[in-house]
1. Tell me which residues come under 5 Å, amide H to amide H, from Ser228 once H is placed; ignore anything under 5 positions away on its chain.
2. Quick one: if you stick a label point 7 Å off each Cα along the C-beta vector at Asp253 and Leu119, how many nm between them?
3. Sort 108-116, 147-155 by packing, meaning the average of other beta carbons within 10 Å per residue, with the highest value first.
4. Assuming R0 = 25 Å, what is the FRET efficiency of Ala210 and Ala159, from their Cβ-Cβ distance, to the nearest 0.05?
5. Please give the FRET efficiency for Asp236 paired with Arg503, using the beta carbon to beta carbon distance and R0 = 41 Å, rounded to the nearest 0.05.
6. I'd like the Karplus ³J(HN,Hα) series for region 229-236: coefficients 6.51, -1.76, 1.60, θ = phi - 60°, whole numbers in Hz, and an x wherever there's a Gly or Pro.
7. Give me the 1.4 Å probe accessible area per residue for region 173-240, excluding ligands and nucleic acids, in Å².
8. Which FRET efficiency value, to the nearest 0.05, do you get for Ser451 and Ala415 by plugging their Cβ-Cβ distance into 1/(1 + (r/R0)^6) with R0 = 51 Å?
Amino acid sequence: MSFLSYAQNNEDVLLWRALGDVDPASGFYIDVGASDPVEHSVTKAFYDAGWRGINIEPLPAHAAAFAAQRPRDLNLAIAAGSIEGSLTLYDVPAVRGWASPAPAVAAMHRAAGHAVAELTVPVRPLAAVCAEHVRGPIHFLKIDVEGFEGEVLRGMDFARWRPWVLVIEATLPNSRATCHEGWEHLVTGHGYRFAWFDGLNRYYVAPEHAALLRHFGVQPNVFDDYISHHLERAWDATRRSQQALQASDARLDEALRRADALAHEQHGAQAEAGAARAAAQADALQLRTALDALRTANAQAQAATIAAQAATIGAQAEALRARTDATHAWTRTTQALAEAAAARMETVQARDAAAGARAETALARHDSATAQAEAAQARTQAAAERDQAGRVRAELVRAHAAGVRAHAGIAAAQAEIARLHGEYEQAVANGRQVAAWAHDLEQRLLATLASPSWKLTQPLRTLGAFVRRLHGAGLARRTLQRVVAQASTSERMRRTLIPVLLRYPALNRRVASLLRRVRQAPPVSTAAAAALAVPEDLRHLPAAARSVLADLRRARGRQHQQQRQRQQENKPCAS
């Protein structure tokens, strides 16, 4: 596996070349002016390999980052100096790593137009820190304090503490001018031998470890098998971008397939709506037929009721006529009997009184029997008339009940017709909503395919496929190694790019923003994520349709977010 370099000027590559064989469990370093636990860190690669050490960084915010990311290390929020006390630190908030205790350096930054903040920090000699916390060999000591290196070296006891390798920044801040003449005697006076100058730092090796000098004869090169973590992050971002593009292609293909499925579902829904419409029409026709039949039955029932009432009235009239005729007959019979009796009485008046009495008695008996017979006949006729009236009333009750049932059936049929009509209207409305939604979905898909982002990412997808083919053949790796080796040997390139980034904060911020965007992982599509809100009129749609709609909305949201980011990045450049 290639060595991953985090240092600004590949300092960790040279140190690893010389000290890579040290047991990680015993590897120990001291970083004075550590600044950041990752960016431009000389010790990050060693910490990841299992080493530990002491990080001295006086700025509170930077020291907090070390405390969070370097739990094995001892992280001290102090400044290293020649004596115990405190000092004023001049920080440039716009540029990380430019904090310096030298007033001349602060004046230079102010003259360049940078804002400088002053804060007071505690100071301890490096020898005191070592006496308190070091219990074994120090394999390397790195010092980068922006012009305060001499004071740090005066506070170190090199007679007692013998770091194997010293790495000391030897140029003025933000300049190629060297400044080691004022402090180098503090190192060489204790026997340390100069080993290498990389354009920024001077390396010294303790005489008791003189064998390490052979590792500092040349600058970092291809044989050190290293890559910059910026390049590694760029490769990783490219891989993630390719994966994101592949995922986007897959989601788009899935969206197209879902759109086709929705189109088929729409056709099926339209067919079902047509079938439902036909069934509703058939049901309506059947209901109309039943309604006509019910109306006919109602008319017949009404006619039967009228006929029954007419028959009842006729029967009553006939019974009345019969009673009238019987009364007239009885009257006539009575008159006839009376006349006969009167004639008989006149005939037998001449008879004697006994015979007359007997005749009168017999006449009375005859009259009583006749009256009883007529009364019985009248009672028989009245009973028959009552039975006939009861039968007529029962027939009328049955006819009324049949009419009530007929009216209830007509009302139920009308309610069923109204319900079917409402379902038919709902089916028509749903069909129209599905058609409108499908048309909108088709327009969005066409807009996505025709969007500038889709067209602009086509070269990226083609380039990604080409890079994968090169990576499979091993050619991409060898080509990048040669490019990195050539860049590392180009002193002119380093001297040109680094001062430009440090001198122009706007450009530096833009590059930093680009690096932050590269480090960010692409958004991962989750199934539920949490489901997107669907309009009330689309909730009856299938889950596949709602999923496609959610994917399209997320894609549009990411496109708007990218546009806003590009606008924000272009504002400082425009100013």
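1. It is Ser5, by chain and number.
2. 5.4
3. Those peptides, ordered most packed to least, come out 147-155, 108-116.
4. 0.85
5. Computed FRET efficiency for Asp236 and Arg503: 0.85.
6. Along region 229-236, the couplings run 5, 5, 5, 5, 5, 5, 4, 5 Hz.
7. Computed with neighbouring chains in place, this is 50 Å² per residue.
8. Once the sixth-power term is evaluated, E becomes 0.45.
The values are calculated or read from the model by the stated rules, or taken from the named source; none is laboratory data. None of the values given here were measured: they were computed from a predicted structure. Every residue, glycine among them, receives a Cβ derived from its backbone with ideal geometry; neighbour counts consider all protein chains shown. Quick note on the areas: whole protein, heavy atoms, side chains included, nothing else; ligands and nucleic acids left out. Shrake-Rupley method; radii C 1.70, N 1.55, O 1.52, S 1.80 Å.
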